[in-house]
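Take a look at the structure set out below.
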Amino acid sequence: MFEAFLDGLAGMGSPAVIGAIVLGTTLGVLFGVIPGLGSVIAMTLILPFTFGWDPIIAMYVFAGIIGTASTGGGVPAILLNTPGTIANVCTTFDGFPMTRRGEGGRAIGLAATASALGTLFSIIVLAALLPLAEVMLRAFTPPDFFWLIILGLIAVTFASRQNMAKGLAAGGVGILIALIGFSPVFGVRRYTLGSEYLWDGIEIVPLVIGFFALSELIVYTSRGGSIARDASVNLGGFKQIMRGAVEVFQYKAILLRGSVIGTVIGAIPGAGGAVANFLSYSTAKQASKTPELFGTGYPGGVVASESSNDAKDGGILLPTLTFGIPGNGEMVILMGAFVLHGIQPGRDLLVNRLDIVWAIILGVIAAQVLTTIIILGGGAWLARISLVPVKYIAPFVAILSFIGVYAVRSNIWDVALAVFAAIVGFSMRRAGFPLITAVIGFVLGQLAEEKFTQSLQISGGGYSIFFTRPVSIVLLLAILFMLGWSMYKAAKKNPAPQAAES
Amino acid sequence: MERIGKIGRLGRLVLLLGALAAVTAFGAACGDDEPDFPTRDVEWFVGFAAGGGFDTASRIIADKMSDDLGVNVVVRNIEGGGGRRAAQEIAGADPDGYAISIMNMPNQITAERLDPEDVDFNELSWVGRAVIQTYGMYTASANDFNTPEDLQGMPDVRFCLSGLAGHSFLVASVTTEVMNIAWNPVTGYRGQETQAGLLRGDCELALGPIAGTTLTAVQGPDFKVLWMYSSERFGPVPDAPTVDELGFPELGGSKFANNGLVAAAPGTPDDVLEILANAFDSALQDPDVVAGINSAGMDVVRLTPDETAEVVEGMDGIVSEYLETVRQKSQAQ
């Protein structure tokens, strides 16, 4: 294995490999920065062009995209309150308030460095764990997966900075939206109203773009001015960005926790960067001595979010490379690339094609370094976006959002859905219902239903399957601990009424 | 001499114009027999996401067809409804040959019969078969059963399947009825997740196309193929018996294979269809195209338009025959 690593390292000096990394990184950053596009679309678009290329070169391009999109996605999350990818949602909680304070550059510095360190951590873990991958995957069964999703849902509700009851209601709405469409598991249509469009259910891209990007545009267009409230505020330029980059090291515990959560959650197929993002943020908030600072423009919040969403890259590659089990959309396209280039994941890849494994690992690291340089170097320029009057930004973001929505499936009804979601999202914002919780309920609701059904089908209808497996018991205890800890903190914060009265 | 020379040049000009007129007239006369097709780009619909097997095969074939037809054959992904959107699009397209679509058969026939959307696959103008993948039944090597008899003695055999509406569910329903095996589906397993399910013991059996990463997996030590749904031994897995050998010829042939069939709109004129079919067949004879398709885990077994239409009719018959079995099992869940 070490020999293949050295060969890979030596090969990185070739112009073709450098060109491939630059191409992948550029695409990743570009598609990450534009809300709604993301790495999956970038990889999908480049995939057919790689047919006939040297597989190693193709893998460097894909690794470049995988390693950079969520880093790029942090920039619009910070500057426009619009996550570039679903895994950047928590970055908006503190990154955007920092921008409004005129500290957008500092937030970008924090995000870029946290992303780079998170990726580096996860890739080292990936390299170390490859030999143990099979044992890990066999240990994780559908009931374990179900409890993990429940843990994620509870964490998301706690992460909501608004009314808990409204948070739960919004999560419930998300789960109900997830039920729309044809259920392949049961072979029936649900709430499709006879519409062919709804047969596939509600697509996440138009929903998220409508909820986050377009509804935000409605808010800001109606308010006017610029995204940074005081347009005369100096964002600090390069000095402020570098201040943010160095400041990351003041949040070592948050950084390490986010990197670990991102890596572990990433390794679990289906969980993905969004779950890692929310778990990392909510755990950081729960463990903090000053949780009230989260959501107000707290630098630690940005570190928690951005370290986890990039640390998932190493974790998510683990089941893909070892078993050929793609954990998210990026990995599905990577699998498509494997098939196109005659590469077989699993034992064959890990024994016979270690050059491919190292091309991906080294490609992700190189792309992350390059992205960090691009964002740290160009961050001052990017940060100026928040000083441009909304009336100029709004049409630009709207057009990009609509292109992004349409690009995924070339379906004009997706654009209509995004507009509808924007109106619903705007109304929910006005009424104080957290949109994030609704979207996560939507994403995790589908998975929870699938894993719950699978578990019962495996057990022949017996519910004991949820309480007898070791991993399930550990996750259940984690859920109970999280609930108990929150109740304890709530009780500590708000003493019993009797005590207050006395 | 000078005058003669001038007349000579005029004469040559007249002759040239005459020849041009003759060529034009000849071309026009030929045009009465040859259809003026194609004069613009042809669209190739793929009802699935970019990057998948059918998408990859479509792009490889379309690229070669472009050379032959002299226009671009542009692949357009129209995802939705497990291929339904693309099927509806081609079923409603103008019958001019400028739109063709690859279909996942008989998967789409099964889905259509279980949840009708009024697409009659027998009405489409079939161009040919792009790819074929042979189905097989496989399990984890650690399991000690090997034959249908072993499975008949078990209380409830669990199958890892994607859902209760796909082609795999139909094949599982038919197989268990014909082989008299008590079974239950465990749903929600897509792609390689199935193999992880088998290794963990979520289920005992899985079935699907033995191609791509599945083929590599069953060629390794962790999995074994119990039988192939074919009448002849499957080259890449030569040790696996066929259903014919096991005494179940009704499951053999290529009835349950996964086919990528290409269709044009209903009512496409025969001469236009012939041009498309010739370009399509020519592409499939190109060694680079075949190599590209093989590397994507699929095989090329060419069919003429008439043979393709017959295959579709046969698939329709099988799906109709077993539809009630599938419905009953689905409702029992």
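The values are calculated or read from the model by the stated rules, or taken from the named source; none is laboratory data. Remember, predicted model here, so these are calculated numbers, not experimental data. Backbone-built Cβ (ideal geometry, glycine too); neighbour counts: all protein chains shown.
Just one of the listed residues (B:Asp63, B:Asp120, B:Asp55) is away from chain A (no Cβ under 13 Å) and among the acidic types (Asp, Glu), namely B:Asp120. Among all residues of region A:424-437, there is at least one that is closer than 28 Å to A:Ile218 by Cβ, among the hydroxyl-bearing types (Ser, Thr, Tyr) and either at pLDDT 90 or above or part of a helix (DSSP H, G or I) (or both).
Take B:Leu276 and tell me if it is more than 14 Å from chain A (Cβ to nearest Cβ), crowded, with 23+ Cβ neighbours inside 10 Å and within 29 Å of A:Gln446 (Cβ to Cβ). Let's see the steps before the verdict.
Numbers: more than 14 Å from chain A (Cβ to nearest Cβ): yes; crowded, with 23+ Cβ neighbours inside 10 Å: yes; within 29 Å of A:Gln446 (Cβ to Cβ): no.
Answer is no for this residue.
Output the residue which, of all residues in region B:162-183 that are within 14 Å of another protein chain (Cβ to nearest Cβ), without any contact (Cβ under 8 Å) to a residue 40 or more places away in the chain and not in a loop (DSSP other than H, G, I, E, B), is farthest from A:Thr453 (Cα to Cα).
B:Ala172
Within the group A:Leu176, A:Leu168, A:Leu207, A:Leu198, which residue is assigned to a helix (DSSP H, G or I), within 14 Å of another protein chain (Cβ to nearest Cβ) and at pLDDT 80 or above? A:Leu198 is the lone residue from the list that is assigned to a helix (DSSP H, G or I), within 14 Å of another protein chain (Cβ to nearest Cβ) and at pLDDT 80 or above.
Would you mind stating whether A:Leu447 is closer than 28 Å to A:Gly295 by Cβ and either without any contact (Cβ under 8 Å) to a residue 24 or more places away in the chain or within 14 Å of chain B (Cβ to nearest Cβ) (or both)? Yes, satisfied.
Could you tell me whether region A:451-473 includes any residue that is away from every other protein chain (no Cβ under 14 Å) and among the aliphatic types (A, V, I, L, M)? Yes, that holds for at least one residue. Filtered by the rule that a residue be at pLDDT 90 or above and touching a helix residue (DSSP H, G or I) at 6+ places or on another chain (Cβ under 6 Å), region B:209-225 gives B:Phe223, B:Val225. Looking across region B:189-244, just one residue is farther than 18 Å from A:Ile458 by Cβ, free of Cβ contacts under 8 Å to residues at least 12 places away in the same chain and buried (at least 20 other Cβ atoms within 10 Å of the Cβ), and that is B:Thr216. If the condition is being closer than 26 Å to B:Ala86 by Cα and of a type in the set (Phe, Trp, Tyr), then region A:184-226 contributes A:Phe186, A:Tyr191, A:Tyr197, A:Trp199. In region B:214-228, the count of residues that are within 22 Å of B:His167 (Cα to Cα) and in a loop (DSSP other than H, G, I, E, B) is zero.
Each row is one residue, and each column tells you yes or no for (1) outside the structural domain of B:Lys224 (by TED's automatic domain parsing); (2) part of a helix (DSSP H, G or I).
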{"site": "B:Gly235", "(1), (2)": "no, no"}
{"site": "B:Asp239", "(1), (2)": "no, no"}
{"site": "B:Asp244", "(1), (2)": "no, no"}
{"site": "B:Glu250", "(1), (2)": "no, yes"}
{"site": "B:Thr268", "(1), (2)": "yes, no"}
{"site": "B:Val272", "(1), (2)": "yes, yes"}
{"site": "B:Ala277", "(1), (2)": "yes, yes"}
